[in-house]
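Everything below concerns the one structure shown next.
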Amino acid sequence: METCRRLWNRCLAERKGAWENERISVSRFEQNRQIAVDKRSSAFLQGVYSHVLQDVVLRLERAYQAFFKKNARYPKFKKFGSYDSITYPDAYNGSVRLGVTRKNTRIYLSKIGYVPILVHRDPSNGKNKRCTVKREGIEWYVVLEYEVPDVEPRGLPIEHPVGIDLGLKALITTSDGWHVKPPKPLKVHERRLKHLQRELSRKQKGSKNRVKAIERMAKQSRKVARTRRDFNHKLSRQIADKYDFVAMEKLQIRDMAHNHRLAKSIHDAGWGQLCGFVDYKVQRKGNRFVQPSAWRSTMECNVCKHVKDMPLWLRVYSCPACGNTIGRDENAARNILERGLSQVGEDIAELMPVESGVQPGRTNDLASPFCEAGTVPGGG
Ligand SMILES: [Zn+2]
């Protein structure tokens, strides 16, 4: 990892320098060629599997692409100890071998050798594409990615469609009125994390106690991350099993992160991770996952499309145009479902009232999604 870190820094310096001095862009291929040349005289480079080195250059390339697309800041030089993972991009070629024997379980990593590991999942039968070795504090993990055949998308009919709104009060709210709160253990762990943070701030710089406090905090953040991941896996599993069409709000996380008060809660809620999990779990079953725009989804009446202001404290949407009264988040979820369905060309009128369990008369006689379509001005 240290060799990879130095390589990253050197390649970054090279690209940066070439651009600043001569307005030349150095390509990934040129840098890979250079590595092959340098390797002849460097024992350090020789000690690392060649494709792992090329992956460092690939990561740098991606960091630049993200920067050009304005999705990230300019790539940074990495400090000692801050390069935390290496990737074998084509593990199937023999550079990585997972040997499971009865007595001990080891993984072979080219240029590193046999490493004892704990396998907590049966390896897949698919082709082992990538292998990433990563360090989290004092813990080491190996992540194996397998290629499996795509699941054939299941066609129509859609029987259990759902729209999902992401929120802070309820983590998710569905179009059929299911609310899920953030998990309690997560809150407990987070509270402890905040406590440790305060403790750390009281420690003197450069002291041994400060180092210890940093370690404790890192350990606790890992715990928070694991708890969240576990919860998101379970919740996304439930969603994928329950519905055959999922429309989830498209969050503009980057834009919202500028608003500091909201930013923390957003990152804590782990929405991006949840969306990702739901996405692949739904698709693996051959079902459809869409992310329509959430623009004005809370402001729009889900029945007549009337638009009104909805300040954050207002928990109920009551429509002055058609009289529809519905929970704020549920209203948004139904709008998202509708947008999701129209995105794939499904007519919501066929699906909503009977199939998805939305009861037209529950809150108001007019709450059926199609009875008033087009009759009220000012929609959209
Ligand atoms: Zn209305």
Is there a residue being surrounded by 13 or more Cβ atoms within 10 Å (Cβ to Cβ) and not in a helix (DSSP H, G or I) anywhere in region 51-67? no
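Matching residues to (1) of a type outside the set (Asp, Glu); (2) within 16 Å of the ligand (Cβ to nearest atom):
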| site | (1), (2) |
| --- | --- |
| 287 | yes, no |
| 295 | yes, no |
| 305 | yes, yes |
| 316 | yes, yes |
| 326 | yes, yes |
| 330 | no, yes |
| 336 | yes, no |
| 342 | yes, no |
Considering region 217-240 alone, what residues qualify as being in contact (Cβ under 8 Å) with a residue 40 or more places away in the chain, under 16 Å from residue 280 (Cα atoms) and surrounded by fewer than 17 Cβ atoms within 10 Å (Cβ to Cβ)? 229, 233, 237
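So that you can scan it fast, the table gives a plain yes or no per residue for (1) closer than 24 Å to residue 158 by Cβ; (2) touching a helix residue (DSSP H, G or I) at 6+ places or on another chain (Cβ under 9 Å); (3) modelled with pLDDT under 90:
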| residue | (1), (2), (3) |
| --- | --- |
| 220 | no, yes, yes |
| 223 | no, yes, yes |
| 247 | yes, yes, no |
| 252 | no, no, yes |
| 266 | no, yes, yes |
Any idea which of (1) of a type outside the set (S, T, N, Q); (2) over 24 Å from the mean Cα position of the chain (by Cα); (3) within 20 Å of residue 223 (Cα to Cα) is the one residue 137 doesn't satisfy? (2)
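Collect the residues in region 3-29 that are assigned to a helix (DSSP H, G or I), polar (S, T, N, Q) and surrounded by 11 or more Cβ atoms within 10 Å (Cβ to Cβ), keeping them in residue-number order. First the steps, then the outcome.
Taking region 3-29 first, the residues assigned to a helix (DSSP H, G or I) are 3-22, 28-29.
Filter once more, keeping what is polar (S, T, N, Q): 3, 9, 21.
Within region 3-29, 3, 9 qualify.
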What pairs come up if the first residue lies in region 16-27 and is farther than 15 Å from residue 67 by Cα, the second is surrounded by 12 or more Cβ atoms within 10 Å (Cβ to Cβ) and among the charged types (D, E, K, R), and their beta carbons are under 6 Å apart, counting only those six or more places apart or on different chains? 26/14; 26/15
In region 297-322, which residues are in a loop (DSSP other than H, G, I, E, B) and in contact with a helix residue (DSSP H, G or I) (Cβ under 8 Å, 6 or more places away or on another chain)? 297, 298, 301, 302, 310, 314, 315
Take residue 176 and tell me if it is closer than 29 Å to residue 341 by Cα and assigned to a loop (DSSP other than H, G, I, E, B). yes
State whether one or more residues within region 88-107 are among the acidic types (Asp, Glu) and assigned to a helix (DSSP H, G or I). no
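The values are calculated or read from the model by the stated rules, or taken from the named source; none is laboratory data. None of the values given here were measured: they were computed from a predicted structure. All Cβ positions, even for glycine, are placed from backbone atoms using ideal geometry, and neighbour counts span all protein chains on display.
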